[in-house]
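To start, the structure itself, in structure tokens.
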Amino acid sequence: MKRIFGWGGSDAKKDEPAKVTLGESISMLDARTDSIEEKIKKIDIEIVKYRDQMQKARNPSTKRNAKTRAMQLMKRKKMYENQRNQMQNQSFNMEQAQFNTEMMQDTMTQMMAMKSAGETMKAQYQEISLDDIEDLQDDLEELYADMGEIQEVMGRSFAISDDIDEAELEAELMDLEVDYGEEMPSYLTDTSVIDDLSLPTVPVTAPVPSAAVPAGQI
């Protein structure tokens, strides 16, 4: 029968109310609380107006009417304040529940991340051999030692032998001649360069001795 007349099934699921999250519920309560706060402010303005009328009125009937109206507004204000306080308490409780839920979600996320990291470390550790690491360290130490020996050999200095006779070196120095080809440089053969030099003249006359200065005037 339900299939014939189209009862139940997918239509029943469509009629289900949408799920509301804690955050949406908190927002709705805060909006209602703000609305009640606005109503309380408006009532306060009217209460002050009727109170002033009650204090300034000379007619007892006018004073009584103002007082009655002010008391009614006070009762309405108390009702709104109770509603506001209840909503604030409900909002606070839902905020605590939302905070705890988020903390649990963060904890679960951290646990899953740590679990995944641990599994990755285990898989990588199984691929690492301590023997291979030790062999690699030994090979590197031998390689560094060989490189040190090579650097030491390459840095050796080739000193001149101490068996060379200095007298022979001096004689070779004195007999050394340079082959300049067919012509020697002009600065080695031209003596006019030396003659043209302007040198200071040497004085011929003897210098005149200066006069003696008395001892007390120095």
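The values are calculated or read from the model by the stated rules, or taken from the named source; none is laboratory data. The shown structure was predicted, so the numbers you read here are calculated from the model rather than taken from an experiment. All Cβ positions, glycine included, derive from the backbone under ideal geometry; neighbour counts span all protein chains shown. For the accessible areas, the whole protein counts, side chains as well, though only heavy atoms, and no ligand, DNA or RNA atoms are used. Shrake-Rupley method; radii C 1.70, N 1.55, O 1.52, S 1.80 Å.
Summary of computed values
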quantity	calculated
Residues listed by number, the stretch 30-60, amide nitrogen under 15 Å from Ala97 label point at 7 Å toward C-beta	30
Semi-axis lengths (Å, descending) of the ellipsoid that matches the C-alpha gyration tensor of the stretch 13-159	85, 25, 10
Accessible-area order (highest first, 1.4 angstrom probe) of the listed residues Val20, Val48	Val20, Val48
Peptide ranges 113-122, 78-87, 58-67 listed from the most packed, as the mean C-beta count within 10 angstrom indicates	78-87, 58-67, 113-122
